[in-house]
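*Asks:* Have a look at this one before I ask anything.
Since every read-out is calculated from the coordinates, none of them should be taken as a lab result. The model shown is predicted, which means the values in this text are computed figures rather than measured ones. All Cβ positions, glycine included, derive from the backbone under ideal geometry; neighbour counts span all protein chains shown.
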Amino acid sequence: MKKEFIKKVITLIIIIGCIFLVLGLLSLFGIINMEAMPLILLSAGLFNISNAYYVYGKNKKSAVFLILSGLFSIFVSIFITLF
């Protein structure tokens, strides 16, 4: 039962990651409005931090990298919004 739940969560994480990637690329190429980019970056940062929590027990170096990249994405999102 627990393995099935973990497989479903991993599948959901992969789908959400792909959605963020597609939204970021669409925004970058101008297909959707660039005003959506800070929201996409903020969501991606939170997504990276939540992935770091999941990975921390298995690989601490990867978890630290995910936390730093998530914080960087959040910082860029706030910077774009303010300036």
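*Asks:* Regarding Ser77, is this residue touching a residue at least 24 places away in the same chain (Cβ under 8 Å), under 16 Å from the mean Cα position of the chain (by Cα) and surrounded by 12 or more Cβ atoms within 10 Å (Cβ to Cβ)?
*Replies:* yes
*Asks:* Out of all the residues in the range 4-25, is one or more of a type in the set (Asp, Glu) and either touching a helix residue (DSSP H, G or I) at 6+ places or on another chain (Cβ under 8 Å) or loosely packed, with under 10 Cβ neighbours inside 10 Å (or both)?
*Replies:* The answer is yes; a qualifying residue exists.
*Asks:* Further question: Among the residues of the range 10-39, which ones are under 23 Å from Ile67 (Cα atoms) and either touching a residue at least 24 places away in the same chain (Cβ under 8 Å) or small (Gly, Ala, Ser) (or both)?
*Replies:* Within the range 10-39, Ile13, Ile16, Gly17, Phe20, Gly24, Ala36, Met37, Pro38, Leu39 qualify.
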